[in-house]
Amino acid sequence: MRPMLAYRHGFHAGNHADVLKHLVLAEILTYLNAKDKGWRCVDTHAGAGGYSLVGVQAGKRREFEQGIGRLYGRHDLPAPLSAYVELVRRFNGGGALRQYPGSPAIAHMLMRPQDQLRLFELHPTDAGILASYLGAEPGVQVRSADGFAALKSVLPPPTRRGVVLIDPPYEIKTDYARALAALRETLARFAEAVVIVWLPQLQLVEAARLPQRLKASADAHAKKGWLHARLTVAEADAHGFGMLGSHVFVANPPHTLHATLAPLLPWLAAALAQFGGARGSVERSRAA
């Protein structure tokens, strides 16, 4: 089995990185829903679509306790976070936190009859679960395929409105170069696309360089500039390992996104902090 098929998101579902990624995704799709014209959301690494938080995988590390678990029962959430948590609550039928919605589920809860989902997943087990969950839903296509390679088959959408979510596991270093190439290909094929690239904060050269490379590419090709959200919640271990937090990079962001996230990220960093130096920040290009 190839290394890229070893990753299972169920071990990490609902952690701090999911909170940031899905908060941004929900904000962007909600923004697009302000107009009647349909959109297409493409997810290059869709996973299983949803995850049990009471099963073996999530139970092994219980990462959700330091992520969505810290927000789920709170009544003082800022409005955008409250809207995101409400989606998670809907996924749980309004009850206790037992399941977590992946990106496909978040998008599906926000899509309308005129909207489309194009979901790609390579891991055979997760692809099968995803197909069983959403494959028969109107407007949804699920393919067991390499999402990087499949981009050209789904871009541009007929409506010229859409979002591309690029969030590989980065377990192999070539994912960093492929994520950058996917951003470039998306903007070349669909200049108006809102492109979301998620990446981890790790003490690796590739992880440190990718945000700057994404910015340079978006400066050259994104008509509406870029936005870079960063959430740091943890420290590396004694050997320098561990995920410190995550980034969400957005090319062609909605014009409202910076104003929404700027006060929200410091609040979220404090809420999810695992050490005293936790912080959240948002920057944008002049064009954004």
Nonlocal Lys pairs with alpha-carbon distance under 30 Å, the chain (8 or more apart, or different chains) = 26
Anisotropy class of segment 110-165 from Cα gyration tensor, a/c 1.5 cut = oblate
Using DSSP, restrict attention to beta bridges with both residues in the chain and report what percent are antiparallel, rounded to the nearest 5.
-> 60
At what distance in nm do the modelled label points of PHE275 and ALA259 sit from each other, each positioned 7 Å from its Cα along Cα→Cβ?
-> 3.6
Out of LYS21, LYS35, LYS152, a Gaussian network model of the chain with alpha-carbon springs under 10 Å gives the largest mean-square fluctuation to LYS35
Exposed chymotrypsin sites (Phe, Trp or Tyr not before Pro) absent: longest stretch of the chain, with sites in DSSP loops and at most 12 other Cβ within 10 Å deemed exposed | 1-240
Which value results for Rg/Rh of the chain when Rg is the Cα radius of gyration and Rh the Kirkwood radius based on the inverse mean 1/r?
-> 0.92
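Every number here is computed from the coordinates shown, using simple stated rules; none is lab data. Predicted model, so just to flag it, every value in this text is computed and none were measured. All Cβ positions, glycine included, derive from the backbone under ideal geometry; neighbour counts span all protein chains shown.
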